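Each remark here refers to the structure printed beneath this line.
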Amino acid sequence: MDLHQKARETLRQNDRGGYTLPTHGLYPYQWNWDSAFAAWGFTTFEPDRGWTELETLLSGQWEDGMVPHILFHRPDPGYYPGPDVWQGRGPIASSGISQPPVAATFMAKMLEMDPTGEPRARAMWPKLKAWHAWFMRWRLDQGAVCVTHPWEAGRDNAPDWDAAMRGIDASDVGEYTRRDTSHVDPAMRPTKYDYDRYIKLVQMGVSVDWNQEKLLELNPFRVADPTMTFTLLRAQRDLKAMGRRFGQEIGEISAWIATLEKGAETLWNPEIGGYDSRDARTGAFNDILSSASALCWYAGIDDARARPEIERMLGAVNYGLASYDPAAEGFEPLRYWRGPTWPIMNYLVGSGMEERGHYDLAERIKSDTARLMEQNGFAEYYNPVDGAPAGGATFTWTAAVWLGWAGNYSQTHKGAA
Ligand code: DGY
C-alpha cells in the first residue's frame with residue numbers, strides 16, 4: 001500500500017466519530033494538540049471531517065476559556081489518570097490543564113486548503129480567542145508563557161522540568177497503577193519518579209477545583225517554556241490574520257503579540273546559545289538546549305543567534321532534530337522527550353524555517369522525517385541516531401505530518417530522481 005493511503009487509513013482507524021485518538025491503546029481519548037494535527041491531516045483528503053475534529057475539541061472548552069489537554073468522551077479503563085482522577089469542570093469530562101495552542105494555526109492552514117469551511121472557521125474564531133485570552137491571563141511570566149504541569153507543555157518528561165519537579169513533594173501521592181507501561185516498553189516512557197509528581201500535581205489541582213487564582217499560590221511548578229511561548233505567539237498571529245479577514249476587532253490580539261514577542265526574548269539564554277525554559281518561581285534558567293529553541297522561526301522570529309546550535313544538533317544525529325541536545329549528558333535517544341526525534345516537532349520547526357527562508361536546514365529536516373516514515377511507518381517518535389521507531393505505533397499526528405508536509409517532499413524528490 002502506498003504511504004499516502006496508509007496515512008489516510010491510520011487517521012480513519014483512529015477516528016472515533018468526530019474526534020481522533022492519538023493512537024489506539026496508549027492514548028484512548030481526544031488530546032488537544034494531537035487533535036489539531038489530525039484536523040489538518042483529515043483536511044488533505046476529507047475537509048468536512050477535518051473541521052469537525054476542531055469543533056469537537058472546542059466543544060470541551062471551559063467557561064473560563066481553557067481548552068483542556070484531554071477530553072474523555074467515553075470511559076476507557078486502559079488509561080490512567082482518567083476522568084475520575086482529574087475531575088475537570090468543563091462541559092465534557094476532561095483534564096484540568098491545557099496544551100500547546102496550535103489549533104488556530106492549523107485552522108488558518110485548513111482555511112487555505114478548503115475556503116468553503118469559512119463559516120465554520122468564523123464560528124470557532126471567538127472560542128479560540130477566548131482560549132488565547134486565558135493563556136494571557138493565567139500563564140504569563142514577564143510575557144513568556146508558563147506551564148503548570150509537564151503534561152501541559154506536551155513535552156512530558158523533557159529535562160526542562162527536572163529542577164522544578166525536585167521541588168514537589170510526592171511522598172503522599174498514594175497507590176496507583178500506571179497503564180502506559182503496559183502498552184509500550186517502560187524504557188521509552190517517563191520514570192516512576194516523574195509519574196509520582198505528575199499525579200501529585202493533578203491532586204493539587206483537584207484540591208482547589210482547578211481554581212487558577214488559588215493554583216497561582218499553591219502550585220510550586222511554574223516554568224516559562226519556549227514551546228508554549230512560540231506556539232502561542234504563532235497562533236496569535238494566525239488568529240489576528242483570520243480576524244481581519246472576518247471583520248473582527250483585532251487590537252487586543254496585536255497587544256498580545258507585542259507582549260509575547262518581549263516574553264520570547266526573556267527566554268534567550270546566551271550561555272547555551274538558545275531559547276531556554278526558566279523557572280518562574282526562582283527566575284533561574286534551566287540551561288537546557290532542546291528542539292524547542294528551534295521554534296523561533298515558526299513563531300515569526302528570524303533569529304540568527306539561534307541557528308548555530310540548532311545546526312550543531314542536526315549534525316550530531318542521522319535523523320532530524322533530536323528533542324534534547326545529543327551532546328548533553330542526560331541525552332537518551334529512546335526516552336520520550338529526552339532525546340528522540342518527533343515528526344510533529346520536525347514539522348513545526350521545519351515549516352517555520354521554510355517560511356523564513358532557511359531552506360537548507362528545512363530540507364534536511366523534511367527529508368529525514370520522510371525517510372523515517374518510509375523506513376518505519378508512523379511511529380510516535382524515533383531514535384534520531386539509527387531511525388528506530390519508538391513509543392506508540394500507527395500514530396495519528398505522525399500520519400498527518402506525512403499527509404500535510406513530509407509526504408510532499410518524498411513525492412517531489414522521487415519525481416526528480
Ligand atoms: C500521557 O498520558 O503520557 C500523556 O502524554 C499525558 O498527556
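The values are calculated or read from the model by the stated rules, or taken from the named source; none is laboratory data. Note that the structure is predicted; figures quoted are calculated from it, not measured. In this analysis, Cβ positions are derived from the backbone assuming ideal geometry, glycine residues included, and neighbour counts consider all displayed protein chains. For accessibility, only protein heavy atoms count, side chains too; no ligands or nucleic acids. Shrake-Rupley method; radii C 1.70, N 1.55, O 1.52, S 1.80 Å.
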Checklist entry - Does segment 225-242 contain any residue that is touching a residue at least 40 places away in the same chain (Cβ under 8 Å), in a loop (DSSP other than H, G, I, E, B) and within 19 Å of the chain's Cα centre (by Cα)? => result yes
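List the helices (runs of 4 or more DSSP H) inside segment 1-61, counting only whole elements, that have at least 1 residues being without any contact (Cβ under 8 Å) to a residue 12 or more places away in the chain and within 24 Å of Gly78 (Cβ to Cβ). Break it down stepwise before answering.
On the way: elements: 3-14, 32-43, 47-58.
The qualifying helices (runs of 4 or more DSSP H) are 3-14.
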Next on the checklist: Taking the criterion of being within 27 Å of Tyr79 (Cα to Cα), open to solvent by less than 20 Å² (accessible area, probe 1.4 Å), of a type in the set (Val, Ile, Thr) and assigned to a helix (DSSP H, G or I), would at least one residue in segment 382-400 satisfy it?
Outcome noted: yes
Checklist entry - Of all residues in segment 62-83 being modelled with pLDDT of 95 or more, surrounded by fewer than 19 Cβ atoms within 10 Å (Cβ to Cβ) and more than 15 Å from the ligand (Cβ to nearest atom), which is nearest to His132 (Cα to Cα)? => result Asp64
Checklist outcome for this item: Checked against (1) buried (at least 17 other Cβ atoms within 10 Å of the Cβ); (2) more than 16 Å from the ligand (Cβ to nearest atom); (3) not in a loop (DSSP other than H, G, I, E, B); (4) not aromatic (Phe, Trp, Tyr), Arg137 satisfies every condition except (1)
Checklist outcome for this item: Among residues of segment 157-181 being in contact (Cβ under 8 Å) with a residue 12 or more places away in the chain and part of a helix (DSSP H, G or I), the residue surrounded by the fewest Cβ atoms within 10 Å (Cβ to Cβ) is Asp162
Next on the checklist: So the check is Cβ under 7 Å with 6+ separation or different chains; which pairs have a first residue in segment 99-114 that's within 16 Å of the ligand (Cβ to nearest atom) and among the basic types (Lys, Arg) and a second one that's open to solvent by less than 10 Å² (accessible area, probe 1.4 Å) and modelled with pLDDT under 95?
Outcome noted: none
Checklist entry - Exactly one of (1) buried (at least 24 other Cβ atoms within 10 Å of the Cβ); (2) more than 18 Å from Ala294 (Cβ to Cβ); (3) touching a strand residue (DSSP E or B) at 6+ places or on another chain (Cβ under 9 Å); (4) among the hydrophobic types (A, V, I, L, M, F, W, C) is unmet by Leu372. Its number? => result (2)
Checklist entry - Failed condition for Ser98, given (1) open to solvent by less than 30 Å² (accessible area, probe 1.4 Å); (2) in a loop (DSSP other than H, G, I, E, B); (3) of a type outside the set (D, E, K, R); (4) touching a strand residue (DSSP E or B) at 6+ places or on another chain (Cβ under 8 Å), with all others met? => result (4)
Item to check | Criterion violated by Thr52 - all others in (1) out of contact with any helix residue (DSSP H, G or I) (no Cβ under 7 Å at 6 or more places or on another chain); (2) within 16 Å of the ligand (Cβ to nearest atom); (3) closer than 22 Å to Leu239 by Cβ satisfied | outcome: (2)
Checklist entry - Within segment 215-251, how many residues turn out to be open to solvent by 30 Å² or more (accessible area, probe 1.4 Å) and under 28 Å from Asp196 (Cβ atoms)? => result 4
Next on the checklist: Given (1) touching an Asp or Glu at 6+ places or on another chain (Cβ under 6 Å); (2) among the charged types (D, E, K, R); (3) closer than 23 Å to Val184 by Cα, identify the lone condition not met by Glu332.
Outcome noted: (1)
